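**Student:** Structure below; questions to follow.
The values are calculated or read from the model by the stated rules, or taken from the named source; none is laboratory data. These numbers come from a predicted model, not from an experiment. Methodologically, a virtual Cβ is constructed for each residue, glycine included, from the backbone with ideal geometry; neighbour enumeration extends over all protein chains shown.
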Ligand SMILES: [Zn+2]
């Protein structure tokens, strides 16, 4: 007997194919039947009439390793229909943390993971200790974390032994089942790495069947070069490349999406295994300190704080800002485009412009003083993209959907501040705002980006489509009602229109409420396959 039978829903199966009205049955955590009229009995039957039934959404780019241990219910994600989260992105991972270096890592990640306790651990132990949570997890090891462990915040190439150390730590993570390695080449210490260092690690990925994802070196003036660098790593190492949160940041780069997408598609045509992802907003989020020029960070936190207090260094920063705008974000329309998300000292929701007016101070001085006051822990939102580029990127078939956010909840420790609404709204926003309301893409195309397309990019073989034998990760939603409700002013809002979410055959969301179930699995890579 089946455990669950969803009858009469319009099934959009994740392949990109046309919707069809069929019954879908679940047994022992797997999809046991997809039939026009299922006659076999089931312990539980759900009427799906008028609803869309899709595979559970795969959030291909997240930072939920910073929060899922604190919120195992995975509230902000599961309520969007997300059933699998890929963590360890942008070069940041919580492991390995070598003996004596857990605090170093905690300080390094303070603006991203302010609430997580850090402990000394190797990657295999970290994976083994991953708690029971509501969603499936896919792990990557971060290059910035590896570099921090091997050589701190040194602004130079690694010695042979330091490189070997990074390769060994990477191999250990891959042996434990990590999907691959992420890089964060715009953020120190990752930005100190020459392409050859990444290639040397890429060869280890190739050996194990691991994959490479990259927060590329630049997303503004040099974005074309940065995309080319990521593609070259994939081509020369023979590995899959995932270009994270593809965007054109800063006024001077706006309008470049057609060219950029052309470059990625051309690489794909010549056989490079490359995909991209995107969060569907014109605003980014980052630690405030990473808007400052790279040289500020050399040598670590105390060196940075000393430089920021130095009037000569501030003058240098001011000059750099006048020339090219903010590091990685380019030129913005005004300081009002930078807004506090979370900060130990400044009020969330205020812009740097607001604070400058209130204090009668220059905005750059406000920013530098803020970084000094909280030792770099302030996180901000930056409105830096054009909506036309956001739409063009979303419409491209090579682009998947990733929130770039940690999983939070409106209550408890993760409910603080005014984080990016993408944490709560990414997937319903694509389905409601962009697919239904703006008709930018069809519902099967939109769903494919979040399911079958993402699974293919990850090598995930038994999820992402509604197929007999696949794991039963499912989302049932109302196509007329589905919408994001989180805004920049009021971000801690769950979306609407999602009736039921099933993970590994277990109902986690029902009637827009959480059942408390924690059926998520830690997925491990075996060769090039993830299960
Ligand atoms: Zn990133």
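**Student:** Of all residues in segment 290-314 being over 21 Å from residue 381 (Cα atoms) and in a loop (DSSP other than H, G, I, E, B), which is modelled with the highest pLDDT?
**Tutor:** Checked segment 290-314; the qualifying residue modelled with the highest pLDDT is 310.
**Student:** I would also like to ask the following. Under the condition of being in a loop (DSSP other than H, G, I, E, B), closer than 18 Å to residue 174 by Cβ and away from the ligand (no atom under 16 Å from the Cβ), which residue from segment 83-101 is nearest to the chain's Cα centre (by Cα)? Talk me through it step by step, then tell me what you get.
**Tutor:** Looking only at segment 83-101, we keep the residues that are in a loop (DSSP other than H, G, I, E, B), and these are 88-96, 98-101.
Remaining after also requiring closer than 18 Å to residue 174 by Cβ: 88-89, 91-96, 98.
Next, from what is left, pick out any that are away from the ligand (no atom under 16 Å from the Cβ): 95-96, 98.
Values: 95: 17, 96: 20, 98: 25 Å.
If we take residues in segment 83-101 being in a loop (DSSP other than H, G, I, E, B), closer than 18 Å to residue 174 by Cβ and away from the ligand (no atom under 16 Å from the Cβ), then 95 is nearest to the chain's Cα centre (by Cα).
**Student:** Report yes if residue 146 is over 21 Å from the mean Cα position of the chain (by Cα), more than 16 Å from the ligand (Cβ to nearest atom) and either within 30 Å of residue 305 (Cα to Cα) or surrounded by 24 or more Cβ atoms within 10 Å (Cβ to Cβ) (or both), otherwise no.
**Tutor:** No; evaluated as a whole, the condition is false for this residue.
**Student:** Another one. Condition first: modelled with pLDDT under 95, surrounded by 15 or more Cβ atoms within 10 Å (Cβ to Cβ) and over 25 Å from the mean Cα position of the chain (by Cα). Can you find one or more residues in segment 348-367 that meet it?
**Tutor:** no
**Student:** Among the residues of segment 511-530, how many are crowded, with 21+ Cβ neighbours inside 10 Å and part of a loop (DSSP other than H, G, I, E, B)?
**Tutor:** Going through segment 511-530 one residue at a time, the tally reaches 2.
**Student:** In segment 166-210, how many residues are within 16 Å of the ligand (Cβ to nearest atom) and either over 20 Å from the mean Cα position of the chain (by Cα) or assigned to a strand (DSSP E or B) (or both)?
**Tutor:** The number of residues fulfilling the criteria is 7.
**Student:** Still on this structure, I have one more. Inspect segment 113-123 for any residue being within 16 Å of the ligand (Cβ to nearest atom) and either touching a helix residue (DSSP H, G or I) at 6+ places or on another chain (Cβ under 9 Å) or within 23 Å of residue 187 (Cβ to Cβ) (or both) and give the result as yes or no.
**Tutor:** The answer is yes, given that some residue of segment 113-123 is within 16 Å of the ligand (Cβ to nearest atom) and either touching a helix residue (DSSP H, G or I) at 6+ places or on another chain (Cβ under 9 Å) or within 23 Å of residue 187 (Cβ to Cβ) (or both).
**Student:** Further, regarding this structure: Give the residues of segment 211-226 that are touching a residue at least 40 places away in the same chain (Cβ under 8 Å), closer than 18 Å to residue 327 by Cα, touching a strand residue (DSSP E or B) at 6+ places or on another chain (Cβ under 7 Å) and within 16 Å of the ligand (Cβ to nearest atom), sorted by residue number.
**Tutor:** Of everything in segment 211-226, those that are touching a residue at least 40 places away in the same chain (Cβ under 8 Å), closer than 18 Å to residue 327 by Cα, touching a strand residue (DSSP E or B) at 6+ places or on another chain (Cβ under 7 Å) and within 16 Å of the ligand (Cβ to nearest atom) turn out to be 215, 220.
**Student:** Quick check on residue 55: is it more than 16 Å from the ligand (Cβ to nearest atom) and surrounded by 24 or more Cβ atoms within 10 Å (Cβ to Cβ)?
**Tutor:** Yes, satisfied.
**Student:** OK, next. Keeping to segment 201-233, report how many residues are closer than 13 Å to residue 163 by Cα and surrounded by fewer than 19 Cβ atoms within 10 Å (Cβ to Cβ).
**Tutor:** Summing the residues that are closer than 13 Å to residue 163 by Cα and surrounded by fewer than 19 Cβ atoms within 10 Å (Cβ to Cβ) in segment 201-233 gives 1.
**Student:** When you scan segment 120-134, do you find a residue that is out of contact with any strand residue (DSSP E or B) (no Cβ under 7 Å at 6 or more places or on another chain), buried (at least 18 other Cβ atoms within 10 Å of the Cβ) and not in a loop (DSSP other than H, G, I, E, B), even just one?
**Tutor:** yes
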